[in-house]
Amino acid sequence: MSEGKALSRVDLSGRERDFAQLRDLVEALPGHVWSTGSAGQFTYSNPSMQEYFAVGSSNEEFDWLSRVHPDDREAAAAKWRHSLHTGDIFESEHRLRGADGEYRWFRTEGRPSRDTYHRVTAWHGQNVDIEDQKAELKARTLELSLLVDMVPSHLWRLTPDGTTTLVNKRMADFLGLDLSNVSSLESVMDTIFHPDDVEAVGTELTRCLASGDRFSMRYRLLRADGAYRWMSGRAEPLRDQDGNIVQWFGLCHDIEDQVQATAALRRSAEKLAQATQAANLSQLSASIAHEINQPLAAIAADCEACWRWLSIDPPNVERGRRAAERITADVGAVTDVVGRIRALFEHRPQTRTVEDLNHLIDEVLSLMSDEIAATTTRIDTELDPTLLQVLVDLIRNGIQAMDSTNPLRTLMIKTDRDGPKAVVISVEDSGSGFSDPDRVFEPFFTTKSTGMGMGLPICRSMVESHGGRLWVKNNETVGATVAFTLPIAVFD
């Protein structure tokens with residue numbers, strides 16, 4: 001029996017020692033540790049808590065709710081009553097007044113202790129000082145708020161059902177909202193869209209709220225001064241860890257200046273298109289006049305030649321007959337020009353024929369023989385033994401490019417191969433050359449007092465329509481060369 005009693009005393013001594021260590025640990029904690037009975041009356045508070053509230057170790061009469069900030073007291077009391085009634089864990093954040101009369105934020109949590117019948121026998125809890133975290137959070141919130149207000153866009157927030165709960169200061173100033181009156185926010189948001197955009201915005205926003213798709217569109221918002229301005233709006237959903245949308249964040253920025261600039265650019269483009277059409281019409285008119293003027297001038301020259309040959313004594317009937325034949329050919333040329341113009345406007349394809357270039361050059365020189373003779377220009381040809389209007393224009397330009405005082409009024413006409421699939425024709429004069437070769441193909445650009453500036457542009461257009469190309473260059477010594485290529489017809 002004596003041995004059993006000794007063992008019991010050893011066990012009891014060990015438990016007391018463990019209890020003492022646990023009590024020392026609890027009392028050394030910097031937080032407030034407390035216990036209450038099942039009805040909520042305090043039975044224990046650690047020294048840290050006693051020091052903060054300046055209360056003694058006798059805790060039965062301690063009324064902690066009287067130390068809660070008046071603004072937080074009702075909510076904290078309701079949570080405490082709920083826990084006492086249901087046995088649920090007590091959790092609350094509230095301000096507690098210390099012995100110095102200052103309030104500090106605490107996070108309080110209390111858990112019930114139960115007997116074998118699951119009845120609450122006591123409550124054990126802790127108050128953790130979170131004043132510094134609250135201050136830091138408040139500073140960060142203020143910083144974030146300032147940052148949001150400084151963003152050069154309108155920021156807003158919606159609930160999952162589309163109710164506006166927040167706009168930043170920039171948007172509030174734009175709309176003329178009073179942020180202190182949150183209740184008026186939703187009613188104002190219903191009237192800010194342009195009447196022509198209300199239905200489209202509502203439809204798209206409703207669709208996005210239902211589907212969770214990103215919202216993105218342009219619309220007009222009513223500014224505080226009554227003016228509507230174009231906005232580019234976007235919104236993204238914020239989801240919780242389960243994928244449920246908890247709120248929407250959106251922004252819209254003012255694109256009124258961009259829209260107006262785009263509209264002005266479009267109007268300028270329309271005016272430019274009209275001006276271009278007018279210029280094209282003017283160019284086309286000049287081209288038609290140029291096309292018709294050539295054979296008409298040839299008719300006049302041939303008529304004069306015919307009259308001259310028949311007026312001499314004795315009349316040169318043969319030369320007169322040849323001039324009359326050229327008149328007939330010139331009339332046909334006018335008819336061809338008119339026919340090509342009609343085909344152009346009727347979008348009919350032009351008739352293409354295979355021609356012997358050397359024969360064409362000889363025909364052109366014969367046609368222009370009187371004009372060439374009147375200028376005392378010597379024509380040399382270098383034709384490879386292997387376009388009538390273009391050649392006439394280029395030869396006439398070459399003749400006119402040479403000063404009448406120039407004793408070397410020589411024009412060289414060459415034909416040659418340009419690879420296996422094309423032939424090149426060049427007209428080389430001994431004039432002063434081109435002063436600005438890069439501009440000679442601009443419509444209406446001319447260096448001649450009587451020129452229209454349409455000859456070379458028309459020639460290039462005609463050559464290119466036949467699948468060739470035309471270019472100009474100044475010669476190394478004197479004069480200039482105008483050359484063009486044409487494809488060679490291939491027969492099986």
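The values are calculated or read from the model by the stated rules, or taken from the named source; none is laboratory data. As the structure is a computational prediction, the values presented were derived from the model and not from experiment. Ideal geometry is used to build each Cβ from the backbone, glycine not excepted, and the neighbour counts take in all protein chains shown. Surface accessibility is based on the protein's heavy atoms, side chains included, excluding ligands, DNA and RNA. Shrake-Rupley method; radii C 1.70, N 1.55, O 1.52, S 1.80 Å.
Ignoring ligands, DNA and RNA, what accessible area per residue does segment 183-267 give at 1.4 Å, in Å²?
On the way: 5140 Å² over 85 residues.
On a per-residue basis, segment 183-267 sits at 60 Å².
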Item to check | Area projected by the alpha carbon convex hull of segment 36-83, averaged over all directions, nm² | outcome: 3.5 nm²
Checklist outcome for this item: In this structure, the FRET efficiency calculated for ALA275 and SER461 from their beta-carbon separation, with R0 = 22 Å, to the nearest 0.05, is 0.60
Checklist entry - In nm, to one decimal, how far is the ASP313 label point from the THR203 one, both placed 7 Å along Cα→Cβ? => result 9.7 nm
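On a full-extension model of 0.36 nm per residue, what is the gain between ALA300 and LEU137, subtracting their alpha-carbon distance, rounded to one decimal in nm?
On the way: separation 163, 0.36 × 163 = 58.68 nm, distance 9.92 nm.
Length difference between fully extended and current span is 48.8 nm.
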Checklist entry - What residues from segment 199-227 fall in the zone where the backbone N is under 18 Å from a label point 7 Å along the Cα-to-C-beta line of HIS253? => result 215-221
